[in-house]
Amino acid sequence: MPKKPNPLPAQSYLRKRLTYYPDTGLLFWRVRPESDFSTWKSLIRWRSCLAMREAFTATTRHGHKAGQIDGVPYLAHRIIWKIFYGFDPEIIDHIDRDPSNNRIFNLRDVSQGVNMQNTPQAKQSGSGVVGVQRSHKSNRWQARIKVDGYYVRLGTFNTIAEAAAARSAAEERYRRCRRFQKGNGERA
């Protein structure tokens, strides 16, 4: 289970510290007042190094923009959501699957299940077709579909084309029920 993110600061606090540009998806540090600093030296250091410069420029291993506010780490898309909408999101999904694209129209607050539907097909997929894989035991192609949270086996086939056709037929059959998950971010 993923680690729970740090609680976000208040929207008003974030708006005092950061400026968000929705058309680019970038955050910039605002100039902070002298009262925010305990020493003149720290004020000068802040203003010369960070004020009016891009914020959250570090990149995580998954490609998300990240940074810190008051020494606490945050992901940029969660900060942006709070600045724009004023509430803490459950999970932020990047609709186009680009974790560095933080334009507001590309972000949506979703559940874990919906977020998992918007994942690309596994790179190690041998078939390139959703719901079709090679059986290691029989060296034939297996087709399956997920319905109501359970996988339904559609059979094994000699060719990938036959397995893909069976998968497509099953999608059509279950589409009327609106109960199956097409996979890789698509919903019936």
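Nothing charged except the Cβ atoms of Lys and Arg (+1) and of Asp and Glu (-1): what's the magnitude of the dipole of the chain about its Cα centre? Round to the nearest 20 debye.
Numbers: 33 positive and 16 negative charges, 82 e Å.
The dipole of the chain has a size of about 400 debye.
So if R0 is 30 Å, what FRET efficiency would residue 139 and residue 54 give, r being the distance between their Cβ atoms, rounded to the nearest 0.05? Please list the in-between numbers first.
On the way: r = 53 Å, r/R0 = 1.76.
Rounded to the nearest 0.05, the efficiency is 0.05.
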Quiz item: On a 0 to 90 degree scale, rounded to 10, what angle separates helix 40-49 from the longest Cα axis of the chain?
Solution: 40 degrees
Practice problem: Return the long-range amide H neighbours of residue 146 (sequence gap of 5 or more, or a different chain), with a cut-off of under 5 Å between placed amide H atoms. | Solution: 152, 181
Quiz item: Angle between the Cα long axis of helix 160-175 and the longest principal axis of the chain, 0 to 90 degrees, nearest 10?
Solution: 70 degrees
Quiz item: If you look for lysine pairs in the chain that are eight or more places apart or on different chains, how many of them have Cα atoms under 29 Å apart?
Solution: 24
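Compute the relative contact order of the chain as a whole-number percentage, counting only Cα pairs closer than 8 Å that sit 6 or more residues apart in sequence.
15 percent
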Self-check item: Radius of gyration and Dmax over the Cα atoms of the chain, both given in Å
Solution: 23.0, 75
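Using only DSSP helix segments of four residues or longer, with each worth -39500 (n - 2.57), what per-residue ellipticity at 222 nm results for the chain after dividing by its residue count and rounding to 500? Numbers along the way, then the final one.
Numbers: 5 runs with 49 residues, N = 188.
Mean residue ellipticity, 222 nm, calculated: -7500 deg cm²/dmol.
Using the reciprocal of the averaged 1/r over all distinct C-alpha pairs, how large is the Kirkwood radius of segment 11-117 in Å? Spell out each step's value before the answer.
Working: mean 1/r = 0.0680 Å⁻¹.
By the Kirkwood definition, the hydrodynamic radius is 14.7 Å.
Residue 36 to residue 90: FRET efficiency via 1/(1 + (r/R0)^6), r the Cβ-Cβ distance, R0 45 Å, to the nearest 0.05?
FRET efficiency, residue 36 to residue 90: 0.90.
All of the numbers you see were taken from the coordinates with simple rules; none came from a lab. Because the structure is predicted, anything quoted here is derived from the model rather than measured. Don't worry about glycine lacking a Cβ; one is built from the backbone with ideal geometry, like all the others, and counts go over all protein chains shown.
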